[in-house]
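Q: Supplied in structure tokens, the structure appears directly below.
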């Protein structure tokens, strides 16, 4: 995450025992490494922020799919309710149809198509088989009986307009219910698509968030290393100021000592001057420097 081999280590022994020149060099190294680590931390923070922004985008995308899914599911529920109501209505109508048929005795015996087939089979037998007079007579009676039954049932059906209208109404209601069922299927499929897209968007958001968290950890490592180098840089700078102050104090002390010595020497020369001794040019200059002349 951070190449620690490039880091600069500062010890208390370095601060106490390294020369001023060595400390100046170390301060430069600490400053350069600090700046390098701060740049690294800044880049990682920027990448982290970009990843967090992408995470939010994915979460927003997932939320949009969630809202669309919920909206479609509400429509599914509405169509289900309408479908169920219409099916219940159709069932009630078909029950009435069956009741009418029962009242007309149409639910007993064979339907028209079945009777028609039986008549055709009997007629075919009459035309193709060799029968005795008695057998043919019986066959003709059967055919006539089936025709009468057919006509009787057909007349009952033809004469009952209420039954036809009721059947048509029941079938129409059932058709409406089927249309609502088709909408239920279509909308449910769309809702499932949005649900799947929502799950995928949340999964991608989690993956990106993990990357952002990892990048944040890298940022913290770099920033902490930069802060440590800055603190050490400040410590070295403080130590250099202490050394500068110490040197200045030593130079001042040396100047004071020289000044005191010069003053003492000048006072000795001045004493000689008062006692009438002849002074040379150098002695006169020393007196002038100390203000005794």
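What follows is calculated from the coordinates using simple rules that are stated; it is not laboratory data. Remember, it's a predicted structure, so these values are computed and weren't measured experimentally. Positions of Cβ are generated from backbone atoms using ideal geometry, with glycine treated the same way; all protein chains shown enter the neighbour counts.
Q: Where the centre of each part is set by its Cα atoms, how far does segment 193-221 sit from segment 48-73, in angstrom?
A: The two parts, judged by their Cα centres, are 11 Å apart.
Q: Could you identify which residue out of 252, 96, 238 has the top mean-square fluctuation in a GNM of the chain using Cα springs shorter than 10 Å?
A: Fluctuation is largest for 252.
Q: Measure nothing but the geometry: give the 0 to 90° angle between the long axis through the Cα atoms of 281-290 and the longest principal axis through the Cα atoms of the chain, rounded to 10°.
A: In the chain, helix 281-290 runs at an angle near 50 degrees to the longest axis.
Q: A further question on this structure: Which of 55, 278, 185 moves the most in a Gaussian network model of the chain with Cα springs under 10 Å?
A: 278
Q: Working out 0.36 nm times the residue gap between residue 95 and residue 136, then minus their Cα-Cα distance, what length gain in nm do you get to one decimal? Before the final figure, lay out each step's value.
A: Values: separation 41, 0.36 × 41 = 14.76 nm, distance 4.35 nm.
Full extension of this stretch gives 10.4 nm more.
Q: Now a separate question. Compute the acute angle (0 to 90°) between the alpha-carbon long axis of helix 112-128 and the principal axis of greatest extent of the alpha-carbon atoms of the chain; round to the nearest 10°.
A: 50 degrees
Q: Over 36 Å apart: what share of the alpha carbon pairs of the chain falls there, rounded to a whole percent? Show your work: numbers first, answer last.
A: Values: 29597 of 42778 pairs.
Percentage above 36 Å: 69.
Q: Computed FRET efficiency, Cβ-Cβ of residue 74 and residue 168, R0 30 Å: what is it to the nearest 0.05? Write down the numbers at each step before the final one.
A: Values: r = 33 Å, r/R0 = 1.11.
Computed FRET efficiency for residue 74 and residue 168 comes out at 0.35.
Q: Can you give me the angle between helix 133-159 and the longest principal axis of the chain, using Cα atoms only, in degrees from 0 to 90, rounded to the nearest 10?
A: 50 degrees
Q: Hey, rough spin-label estimate for residue 182 and residue 231, points 7 angstrom out along Cα→Cβ, what's it come to in nanometres?
A: Roughly 7.5 nm, to one decimal.
Q: Follow-up question, since we're still on this one. Using a Förster radius of 30 Å, what is the FRET efficiency between residue 264 and residue 25 based on their Cβ-Cβ separation? Nearest 0.05, please.
A: On the way: r = 43 Å, r/R0 = 1.43.
After rounding, the FRET efficiency stands at 0.10.
Q: Kindly provide the helix-only [θ] at 222 nm of the chain, computed as the sum of -39,500 (n - 2.57) over DSSP H runs of four or more divided by all residues, to the nearest 500 deg cm²/dmol?
A: Values: 6 runs with 258 residues, N = 293.
Calculated mean residue ellipticity at 222 nm is -32500 deg cm²/dmol.
Q: Also: Can you give the relative contact order of the chain as a percent, counting alpha carbon pairs under 8 Å and 6+ residues apart? Present the calculation step by step, with values, prior to reporting the outcome.
A: Details: 216 pairs, mean separation 118.3, N = 293.
That works out to 40 percent.
Q: GNM on the chain, C-alpha springs below 10 Å: top fluctuator among 126, 39, 77?
A: So, out of 126, 39, 77, the one fluctuating most is 126.
Q: Find how much the distance from residue 67 to residue 285 grows on full extension, using 0.36 nm per residue of separation minus their present alpha carbon separation; answer in nm with one decimal. It would help to have the intermediate numbers written out before the result.
A: Values: separation 218, 0.36 × 218 = 78.48 nm, distance 10.08 nm.
Gain in length upon complete extension: 68.4 nm.
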